[in-house]
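Engineer: Here you go, one structure.
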Amino acid sequence: MKMRILVIHGPNLNMLGKREPEIYGSSTLDDVNARLGKEAKELGAKVEFFQSNSEGEIAGRLQAAMDSTDGILMNPGAYTHTSVAIRDAILSTGLPVVEAHMSNIYKREDFRQKSYVSGVALGVISGFGAESYSLGLRGLVDYLKGKAGS
């Protein structure tokens with residue numbers, strides 16, 4: 001049975017390719033998802049994508065993943081720095097989560113350098129553009145394969 005990975009894109013990531021390309025590049029969200037879908041297939045995983053600008057919808061989708069997902073790759077977007085609710089939803093699932101950011105949040109404004117998610121994430125990938133998602137996916141799949149083999 002294939003590993004099931006949920007990819008969650010937070011607020012404003014639907015604007016990739018249009019929003020601040022000097023920071024986020026020219027790849028669209030569809031480009032990122034297509035690339036991840038191809039890479040997941042090569043890794044023996046199945047991915048499902050979810051994007052929302054709503055904190056409550058993201059928390060709800062995290063909770064709904066408990067019985068249908070093996071792991072989560074997530075870019076919480078601006079909620080990275082503000083959402084205790086998303087942090088708590090991650091904790092409630094017990095699922096491994098990899099936090100991914102296209103920009104290096106630690107080289108940006110002070111308020112962007114604090115993540116409520118990092119402390120409950122399996123790992124964090126930051127600063128490699130769209131490649132951050134790919135690196136996060138590979139790390140999560142490797143983790144899950146190791147967990148399954150132990």
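The numbers here are math on the coordinates, done by the rules we state, and not lab data. Every value quoted in this text rests on a predicted model; they were computed, and no experiment measured them. Neighbour counts are summed over all protein chains in view; Cβ atoms, including those assigned to glycine, are modelled from backbone coordinates with ideal geometry.
Engineer: When the chain is treated as a GNM, springs tying every alpha-carbon pair under 10 Å, which of 134, 118, 92 comes out with the largest mean-square fluctuation?
Structural biologist: Looking only at 134, 118, 92, the largest GNM fluctuation is found for 92.
Engineer: Can you give the calculated 222 nm mean residue ellipticity of the chain, where each DSSP H run of n ≥ 4 adds -39,500 (n - 2.57) and the sum is split over every residue, rounded to the nearest 500 deg cm²/dmol? Please list the in-between numbers first.
Structural biologist: Numbers: 5 runs with 58 residues, N = 150.
Theoretical 222 nm ellipticity from helices: -12000 deg cm²/dmol.
Engineer: For residue 4, list long-range residues whose amide hydrogen, built 1.01 Å from N in the peptide plane, is under 5 Å from its own amide hydrogen.
Structural biologist: 46, 70, 71
Engineer: Further question on the same structure: Given charges of +1 on the Cβ of Lys and Arg and -1 on the Cβ of Asp and Glu, with all other atoms neutral, how large is the dipole of the chain about its Cα centre, in debye to the nearest 20?
Structural biologist: Here the size comes out at about 280 debye.
Engineer: Also, quick follow-up: Provide the per-residue ³J(HN,Hα) series for region 88-94, in order, calculated from phi with Karplus coefficients 6.51, -1.76, 1.60 and θ = phi - 60°, each as a whole number of Hz, with x at glycine and proline positions.
Structural biologist: Going residue by residue, I get 5, 5, 4, 4, 5, 6, x Hz, with x marking Gly and Pro.
Engineer: Placing +1 on the Cβ of each Lys and Arg and -1 on the Cβ of each Asp and Glu in the chain, which of 56, 43, 84 has its Cα farthest towards the positive end of the resulting dipole?
Structural biologist: Going by the Cα projections, it comes out as 43.
Engineer: Okay, moving on. Show me, for region 47-56, the HN-Hα J-couplings you get by feeding each phi into the Karplus relation (A = 6.51, B = -1.76, C = 1.60, θ = phi - 60°), rounded to Hz, glycine and proline as x.
Structural biologist: Ordered by residue, 3J(HN,Hα) equals 10, 10, 10, 8, 10, 8, 8, 10, 4, x Hz.
Engineer: Take the Cα radius of gyration of the chain and divide it by 2.2 N^0.38 Å, with N its residue count; two decimals is plenty.
Structural biologist: Numbers: Rg = 14.2 Å, N = 150, 2.2 N^0.38 = 14.8 Å.
Computed over Cα atoms of the chain, the ratio equals 0.96.
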